[in-house]
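Just below is one structure, and these are the notes that go with it.
The values are calculated or read from the model by the stated rules, or taken from the named source; none is laboratory data. The shown structure was predicted, so the numbers you read here are calculated from the model rather than taken from an experiment. Accessible surface is based on the protein model in full, side chains and every heavy atom, while ligands, DNA and RNA are left aside. Shrake-Rupley method; radii C 1.70, N 1.55, O 1.52, S 1.80 Å.
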Amino acid sequence: MVSRMNFFRHAASWITCLGALLLVVNGSLAQEMGIDDAQTLISRMEVRSTSAGEEVWIIGNKPLAHSAFLLSDPYRLVVDIPGATLAMDSPDISGNYRYIQEVTSRRFAEGTREIVRIELVMKSETPYVINSSDLGLQIRFGDLTVGSTHEAEEDAGMESGDWTVPQAAVTGDDLTKATQVYGLQAPKRYKGKPIFLDLKDADILDIFRLIAEVSGFNVVVDPDVSGRITLRMDNVPWDQALEVILKNQGLGREIEGNIMRIAAVKKLREEHTEKMMLEDAKRKALPIESIILYLSYADISDMESAVKTFLSERGTIMKDTRVNALIIRDIRGVLDGITDLVRILDVRTREVTLNAQIVVTAKNFARNLGIQWGGRFFADAQHGNTTGYQFPNNFSVNMTDGSDPDLAKYAVNFPSGSQLMAMTFGNVMDTLRLNLALSASENEGLTKTIARPTITTLNNESATISSGDKIPYFSNSGLEGADVTFQDATTSLDVTPHITNDDWINLEVSVTRDFPGENVGQAGPAIRTNSADTKVLIKDGDTLVLGGLNQSQQSLNNQRIPWLGEIPVLGWLFKNDARTSTFSDLLFFITPRILAEEDQVVRTEAF
């Protein structure tokens, strides 16, 4: 590495000395011949605001050969004009502009050359373009899509153009090229080996030889490429250094294998244009052929729209809906490409089989507790147990419903559920009798209904599974009598599958559960609805579980004697209790499977 760097330094010194020697010789020859070149003068600079942004005008007495490069922190465009003189004292232009913050100029000497340097400080990263003419330079900042631009080589001062800027819109390609040459771009990543260059007025061809040795490319330089350059680069990747040098000199490169060709941008563009024109001429010379493509699955109108974009300017297309075929006339290369396109697009739509399980479960529980009791008591002469007082000599208490006292009737009559036991208590004289009955019952049930529907649908097409009842509703229509309409109360599952490229399945699922409610109106019962919508991505063959469409209901009813039924513990003698609980649930299990597809063959006929 050290020897390579020493080689570069020696080469730089040799080139510098050679350049100085050539300058001395040329200067002596110029003096001997009496040649006095006219001095390049920069007479005026100004900034103009336009609808697209700003224009900076640098006016001179002749075309201004120049070089330009970008610097950051702050962002600024530096334009160097060699061999020029400022006709005013280093003017500085500043003002309230949209993109331009400040324009400064100064004159300095670099060796034997006088250079005018103009720095245009920008407020932020801004696209720009430089145009050359016989009167000087025009630098546009802002929206480059308004108006047209000159080619890249004009930026390097190689040719002059016209100040008149046509107002036609710039094409996308032109704008891209102008931005790449003049505009600010995202930083590139350079991978070349770092090099060191410190050259003054060096021949550009010698620099290309050094880069060829470092890069490993076989470099071929166009005979028209010439010029000298002064630069200093320390530890810069060779590909970055080459890009800067080419841009500075208005040159371009093209690479084929390990050969790099360097030529003027204009020449490369002209060669590319000639190559495209030659290829276009060859295409126009090819014979026109015809084919018929029979479609099996694709929509013929959609396929016609897709194929039209691939036809050449000589191609035509017609469709025959009767036989679902496309009739195409074009050159053979285009026809082959269209056939391949149709083979890819005209395929059987993939299908998905949906295996579903609909599970409906219902649980109910009921518990009832009740009590019945009553009795009677007599104190009279008939039963031989008077009170022994004059008044009251006898009395009776009857705790029944007032019917025949000989029967087991109850004063507290709160039965609930099935009677568990009945008891009667009395004394020998039958003056006291107590009747007691206890009732208790408990009921628990579980039902489960399972349905296993299976349905197959096309990719991106919905499939619906439903089961339920139609509820009649009556409406009075006057003299014509009652009208009957039916409303669906169903459990339904709507699924739309979408097969991804990696054979996963995106499911759009909509679940609805409708059932008649307990409240019955004049027209008919109300319908309770439950619904769920979701999107989920699952693997082929996996199972999706949807639940949560459940309902639970609990109720508590009791009858009691006021105040007495609220006494702790003893209150159970004056009340009954009935508890019920119901629960229902709906579960969906969905297992999608992608059906295997077969190879498709596009039927074609040529004529």
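Here are some notes:
- Computed over the stretch 61-132, the range of Cα coordinates on each principal axis works out to 36, 24, 22 Å, biggest value leading.
- A 1.4 Å probe run over the stretch 181-264, with the rest of the protein chains in place, finds 52 Å² accessible per residue.
- Both the radius of gyration and Dmax for the stretch 210-268 are 11.4, 32 Å, in that order, over alpha-carbon atoms.
- Greater than 24 Å apart at Cα, pairs in K409/K575; K191/K267; K200/K247; K448/K470; K247/K267: K191/K267
- 28 Å Cα-Cα reach of K308 towards lysines, excluding residues that sit fewer than 8 places from it in its own chain: K275, K282, K284, K319
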